[in-house]
Structures are given as structure tokens and as C-alpha cells.
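Participant: Before we start, here is the structure in question, set down as C-alpha cells.
Any read-out appearing in this document is the output of simple, stated calculations on the displayed coordinates, not a laboratory observation. None of these values were measured; they are calculated from a predicted model. When we count neighbours, we look across all protein chains shown, and the Cβ atoms used for this are built from the backbone with ideal geometry, even at glycine.
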Amino acid sequence: MSLDADQIIDRRRLRRKLTTWRILAFLAAALAVVGGALLAAGPEGITGRSRPHIARLSLSGFISENRDQLELIEKIGNSPAVQGVIVSINSGGGATTGGEALYDAIRKLSAKKPTVASIRTIGASAAYMSAIATDHVVAYRSSITGSIGVLFQSPEVSAAMEKLGIKLTEVKSSPLKAAPSPFAPPTPEALAVIDSLIRDTYNWFVDIVAERRKLDRPRALALADGRVFSGHQALEAGLIDEIGGEEVAIAWLAKEKGVDAKLRVIDWKPEESSLPFSFSNAAIVWLAREIGVSPDFLRASGIADLIPARLQLDGLLSVWHAPSGLNDAEGAPR
């Protein structure tokens, strides 16, 4: 039985189609196997975290109580692949409670893994609080650190209200409720309450500096007058252990804790989440609406950075900042 030309062409086309589908089926199966392996490995397998490495935990910007960051620190401590941890710091501080939460979390981490803090441009106040929670503190000679102290700020706009003819009606259960208020000059009693609050937290800050840096309390108290130190000054004062950058931190892990210096350093970052509500975010949204641009544009352009980060919360601050130079520092109460 002979086949005509049309039948031969049809059979060749069919073979090509079958071959194409077989190739596609093979690729789909291969992708399924690879995808299943990646899913089984989880984020650690994809990022290389499943292999022995040194974890880098970065603390930057304004410090606040960040639940995602605290959970990340716990994950680092529970990872068998992490051989050591570098806490890379570039922050002028922030909320005192944020610094306290980081201090406690890093102390727990240090009980499981060798830790070393590497202060970059700045690691002051609440950020310094976080640094001393590690086993060893390294800073550049010109890094800014210290600023051991606590701050409370409350605006008072009663004079402006009077000029604008604005009056406030207030009924409260007792004289110290919601005191101090931005709508009236603070009373001596209200200031005394805030002063007591600040001194209680300040004394705790001094105590952990004395404990972690192995200083007697009078010496720690003398250093805790709110001043900032260069890395070189901090070394001489006993507030840090060594001058240098991350390579010095890795060398210390190798020499003192037996960590392989050739291990890869991998960044551990919390998963991105939506921005929490804060006065600064609300101000960004309002300003964007008023000038007819998107909030993301303001953040990308840097205009949003002009809004002080401390507008994000009310409460005690452990922060150092220099809006017009290095001689503007907040410190301990006198």
C-alpha cells in the first residue's frame, strides 16, 4: 500500500506536534520538580540560608518597636545554619522602648549565637543600647556613638491658640490626667511626674551600660551625660571594644568564637509589610493630596525625609540627632 504525498506530509506534521508536546511535558515536569524542591527548602533554601553562613542583621534609621524585626531575630537564633551574627548599625536611636526591645532580643540571640556589633556612620542612644547587647562592639574611628540618655518632648501651643482666639474646653478625672498638655503651660506637678519617669528609665540605661561594658556605676554615670563620642573616644572610654569595620568583626568571630572567616555573609531581612499608621505617614498622605502627587513619589524624592521621624510616636526617646551640626545633642536630664 503506497501513501500519497499529502498523507506523508500529514504524518510528518503529526510527528512534529507529538515531539513538541513531549518536550513541553518534559519541561513542565522539570519545572514542577524544581518548584517543589524550592518550596520544600523554603526561603532559607532560596536565599542560601540553609547552608552554614554568618548572618547580617541591619539596624538603621529611626528605631521603634518593630514586631517583624524582633521575630526575625528569633528566627536567626533558631537557625542551625547561622554560625555567627553581625549586627550592622547605622542609626541615631529612636524610641526608648524600641531600643529596650532590641536589647532584650539581641541578648537572647547572644545566648544562642556569637554576636558582634559593627557601628557604621552612627550608632547612638537606642542604637548604642542595641550594640552593647552583643558580645563585642566594633566601630570606625570616626563613627558617632554614645549619647546615653533619655528625652521627652511635648509641644505647647497655648500662646498661638490665644492669638488665634481658640479656646479649649477640658474635663478630666484628675489634675495629672493627660499632663503635660500641648494646650496649656505645664504645671510644676506635671513636670515632676515626667522628670520621675525619665530618671527611672535613664537609671536603667546607665545600669545596662555599666553591666555590659564592665564599668563601675560612677564611671558609667559620668559617660552618660548625653554627649556623643567618636569611635576613637569611645574605645578610650571603654564604650566599644575595637576600631574597624565588618572585616574586623568577622576576624573577631573567627579568632574568639571559632567561626570560619570564609563563610558567606548573608543579609537577614524581615518580610516587607504595609506601612503602619503614624503621624509622619499621615502627613505624607495629606501633603501628597494637597500638591497633587502620589505618596510614593514624595518618599522616592526624599521630600518625605524632611518630616521628623519622631512624629511617629509619643513617648520617651533615646535618640541623638544633629539637624544643623554636631553640637546639637539631647542627653540625660540634669
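Participant: Once you sort the root eigenvalues of the Cα gyration tensor of region 61-151 as a ≥ b ≥ c, which label holds: rounded (a/c under 1.5), prolate (a/b larger than b/c) or oblate (the other case)?
Facilitator: oblate
Participant: In the neighborhood of Ala261, defined by Cβ-to-Cβ distances under 15 Å, what is the net charge if each Lys or Arg adds +1 and each Asp or Glu adds -1?
Facilitator: Every neighbour counted, the sum reads +1.
Participant: Pop a pseudo-label 7 angstrom from the Cα along the beta-carbon direction at both Gln153 and Glu242 and give the gap in nm to one decimal.
Facilitator: In this crude spin-label approximation the distance works out to 3.7 nm.
Participant: Could you work out the equivalent-ellipsoid semi-axes for region 47-109, taking the square root of 5 times each eigenvalue of the Cα gyration tensor, largest first, in whole Å?
Facilitator: The equivalent ellipsoid of region 47-109 has semi-axes of 22, 12, 9 Å.
Participant: Oh, and also: Cβ neighbours within 10 Å, averaged per peptide: list 236-248, 85-97, 150-162 in order, most packed at the top.
Facilitator: 85-97, 236-248, 150-162
Participant: Tell me, what is the FRET efficiency for Glu189 and Asp225 to the nearest 0.05, using R0 = 30 angstrom and their Cβ-Cβ distance as r?
Facilitator: 0.65
Participant: Could I ask something else about it? Order these peptides, 207-213, 122-128, 223-229, by their mean beta-carbon neighbour count within 10 angstrom, highest first.
Facilitator: The packing order, highest mean first, is 122-128, 223-229, 207-213.
Participant: Mind giving me the nanometre distance, one decimal, between the label points for Asp207 and Met161, set 7 Å out from Cα along Cα→Cβ?
Facilitator: In this crude label model, Asp207 to Met161 measures out at 3.8 nm.
Participant: Note down the magnitude of the dipole of region 61-205 about its Cα centre, charges +1 on Lys and Arg C-beta and -1 on Asp and Glu C-beta and zero elsewhere, to the nearest 20 debye.
Facilitator: Its charge dipole is roughly 320 debye.
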